[in-house]
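The values are calculated or read from the model by the stated rules, or taken from the named source; none is laboratory data. This is a predicted model, so every value here is computed, not measured. For neighbour counting, all protein chains shown are included, and Cβ atoms are generated from backbone atoms with ideal geometry for every residue, glycine included. Each accessible area value is taken on the protein alone, full model and side chains, heavy atoms only, with ligands, DNA and RNA left out. Shrake-Rupley method; radii C 1.70, N 1.55, O 1.52, S 1.80 Å.
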Amino acid sequence: IVCVDTVAASGGYMMASVGDTVCAAPFAIIGSIGVITQIPNFQRFLNKHDIDAFVFTAGKHKRTVDVIGDVTEEGKDKLKSELEDMHRAFKDHVALARPKLKDRIEEVATGEYWVAVQAKELGLVDEIMTSDEYLESICSENEILEIIERKRKTPWSGFHAAARAVKSAVDGVTTKHVQSPHPMAVA
């Protein structure tokens, strides 16, 4: 059983797809079976400012497109071919992990993502429920001793806490004269 409460997109969906059953919260983001790369190129800027930049590689296609080197049509074609190969491998993985998608893989492997209720209609998700709802559903058949959530601290944890505090203070100042939106009921 794999439970998705927030996002299983791209590599996240690749990992989730191996579950016998994929459960997802109604508004979880699911899918994004695709491959992307973005590479800015500063070659013209470097040339304009008489800055030499060197890229050394071993192997004809070790670096086909990079941020400082000349970008050739051959290099772009090779990179595009590599992306297509990765996409084919991704689609094959999902089709193997979720056999019911085998005949529909081209339809769902467009790079798009959906909320879980839509993803269920497409066969990417089996059940609509949160991880808490799943755990509650198995309580009568299993003994759950304890659930512990541990959050790892990163070097950025202090920065994120400070940023949240500043945002909260700014939001408090900027929203004093703005009427709060009313939540919508979902049936």
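In the range 105-119, the residues that are over 14 Å from A95 (Cβ atoms) and modelled with pLDDT of 95 or more form no Cβ pair under 7 Å with any partner that is in a helix (DSSP H, G or I) and not hydrophobic (A, V, I, L, M, F, W, C), whether six or more places apart or across chains. The combined condition, being open to solvent by 70 Å² or more (accessible area, probe 1.4 Å), part of a helix (DSSP H, G or I), in contact (Cβ under 8 Å) with a residue 12 or more places away in the chain and under 18 Å from E127 (Cβ atoms), is fulfilled by K100. Screening K80 against (1) open to solvent by less than 100 Å² (accessible area, probe 1.4 Å); (2) in a helix (DSSP H, G or I) leaves a single unmet condition, (1). Once the range 103-121 is narrowed to residues that are open to solvent by 40 Å² or more (accessible area, probe 1.4 Å) and in a loop (DSSP other than H, G, I, E, B), the residue that is farthest from A8 (Cα to Cα) is T110. Against the test of being modelled with pLDDT of 75 or more, farther than 24 Å from G12 by Cα and not in a helix (DSSP H, G or I), the options I148, I144 yield a single qualifying residue, I144. Tally time: how many residues in the range 122-141 are over 14 Å from G31 (Cβ atoms), assigned to a loop (DSSP other than H, G, I, E, B) and either among the acidic types (D, E) or in contact with a Leu (Cβ under 7 Å, 6 or more places away or on another chain) (or both)? Of the residues in the range 122-141, 2 are over 14 Å from G31 (Cβ atoms), assigned to a loop (DSSP other than H, G, I, E, B) and either among the acidic types (D, E) or in contact with a Leu (Cβ under 7 Å, 6 or more places away or on another chain) (or both). V125 passes every criterion in (1) among the aliphatic types (A, V, I, L, M); (2) within 19 Å of G19 (Cβ to Cβ); (3) out of contact with any helix residue (DSSP H, G or I) (no Cβ under 6 Å at 6 or more places or on another chain) apart from (3). Among the residues of the range 122-142, not one is out of contact with any Lys or Arg (no Cβ under 8 Å at 6 or more places or on another chain), surrounded by fewer than 16 Cβ atoms within 10 Å (Cβ to Cβ) and under 14 Å from R98 (Cα atoms). Criterion applied to A16, A89, A95, A24 was being among the aliphatic types (A, V, I, L, M), open to solvent by less than 70 Å² (accessible area, probe 1.4 Å) and touching a residue at least 60 places away in the same chain (Cβ under 8 Å), and the one residue passing it is A24.
Here is a yes/no grid of residues against (1) more than 22 Å from the chain's Cα centre (by Cα); (2) among the acidic types (D, E); (3) farther than 24 Å from I128 by Cβ:
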| position | (1), (2), (3) |
| --- | --- |
| D20 | no, yes, no |
| C23 | no, no, no |
| G69 | yes, no, yes |
| H87 | no, no, yes |
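The residue list I36, I30 contains one member that is open to solvent by less than 50 Å² (accessible area, probe 1.4 Å) and within 15 Å of the chain's Cα centre (by Cα), which is I30. Residues that are of a type outside the set (G, A, S), open to solvent by less than 60 Å² (accessible area, probe 1.4 Å) and not in a loop (DSSP other than H, G, I, E, B) within the range 39-77 comprise Q43, L46, listed in sequence order.
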